[in-house]
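Each value in this text was obtained by applying a stated rule to the coordinates, not by laboratory testing. What you are looking at is a predicted structure, and each value in this text was computed from that prediction instead of being measured. With ideal geometry, Cβ positions are generated from the backbone for all residues, glycine too; neighbour counts draw on all protein chains shown.
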Amino acid sequence: MNLFTLAPTSLPHAHLSPLRSTPMRDNPTENVAIEGRNINFSVNTRQGKIVPILKDCSIRIPSGQLWMLLGPNGCGKSTLLKILAGLLTPTNGTLFVRRPKSYVFQNPDHQRHLSSCRSRVSKALDAVGMSEYLERPVQTLSGGQKQRVAIAGALAEACKVLLLDELTTFLDESDQATVRNLLEISGEVTALWVTHRLEELEYADGAVYMEDGRVIMDGDGARISKFIKAKQSSYINRINSS
Ligand SMILES: Nc1ncnc2c1ncn2[C@@H]1O[C@H](COP(=O)(O)OP(=O)(O)OP(=O)(O)O)[C@@H](O)[C@H]1O
């Protein structure tokens, strides 16, 4: 398989899916790309126990903006992103995500492969500085290169919403800067990017901070960065004084 057959999971057409709770809005305004209200998600264990993973999560992201999703390990970031991508179905809540949308996996080997228009992918690969890789077999690419190709595929499909799961695992800082620049020049794309790096907030239009399955804070990145840093230093002080 050569490179231009690699593309992210993507689903065309606008999508408004009221689930079991009260519908949010019948007619979302033009300037909102992602909106979730009171999203809950639980899993059933083999022992028959119901384990809540997401608890009443609400988020709202304006069109054309880059937002970061942060929180400690296991707080539910990937689960929320997968729900927004339509890969998981929430237990209840209401959801609107503009389409076409694409989800770029944390592990690029999980990316779905599908055929796509060669010239558009070629142009998009050019934009992520990877045009020379067009004919290379996918298995010969590094994790970061696969992720950049996946993003190129999403842009080639003219996606409106890009859901990026923890690109920091495979992309170095300069690769991440390339992706950010790419999102900036693709003005119409709205991106929600899971990250552990507080420095990324500097480049974001906004952020969502989660803990233990809940959205604790959302909005201005600088305010959220300050909040997280204060939590981290109080944690360190507690450890040092015990
Ligand atoms: N199918 C499942 N069955 C049981 N528990 C699950 C399942 N899927 C997720 N979880 C649990 O839900 C919680 C949230 O997982 P999730 O992967 O969304 O967290 P995360 O914030 O993305 O974590 P990380 O930063 O480590 O990637 C974790 O405690 C995880 O173990």
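Order these peptides, 132-143, 70-81, by their mean beta-carbon neighbour count within 10 angstrom, highest first.
70-81, 132-143
Just check region 140-209 against the gyration tensor rule for me: Cα atoms, a ≥ b ≥ c as the square roots of the eigenvalues, rounded for a/c under 1.5, and otherwise prolate or oblate depending on whether a/b exceeds b/c. Please report the intermediate quantities before stating the final value.
Working: a/c = 1.73, a/b = 1.08, b/c = 1.60.
Verdict is oblate for region 140-209.
Grab the Cα-Cα distance for Ala177 and Ala158, subtract it from 0.36 nm times how many residues apart they are, and report the gain in nm with one decimal. Present the calculation step by step, with values, prior to reporting the outcome.
Working: separation 19, 0.36 × 19 = 6.84 nm, distance 2.06 nm.
That works out to 4.8 nm of additional length.
Label-point separation (nm) for Ser233 and Lys49, each offset 7 Å from Cα along Cα-to-Cβ?
3.8 nm
Between Arg197 and Arg223, what is the label-to-label distance in nm when each label sits 7 Å out along the Cα-to-Cβ direction?
Taking the two extended label points, one gets 2.6 nm.
Starting with the highest mean, order 190-201, 93-104, 51-62 by the number of other Cβ atoms within 10 Å, averaged over the residues of each peptide. Kindly include the intermediate steps, with their values, before the conclusion.
On the way: 190-201: 20.7, 93-104: 23.2, 51-62: 18.4.
Averaged packing, sorted descending, gives the order 93-104, 190-201, 51-62.
Under 25 Å between alpha carbons, and skipping anything fewer than 8 positions from Lys101 in its own chain: which lysines qualify?
The reachable lysines, counting only those whose Cα sits under 25 Å from Lys101, are Lys55, Lys77, Lys82, Lys123, Lys146, Lys160.
Out of residues 5 or more away from Leu164 or on other chains, whose amide H comes under 5 Å of its own, with H placed 1.01 Å from N in the peptide plane?
The list, which skips near neighbours in sequence, is Val104, Leu192, Trp193, Val194.
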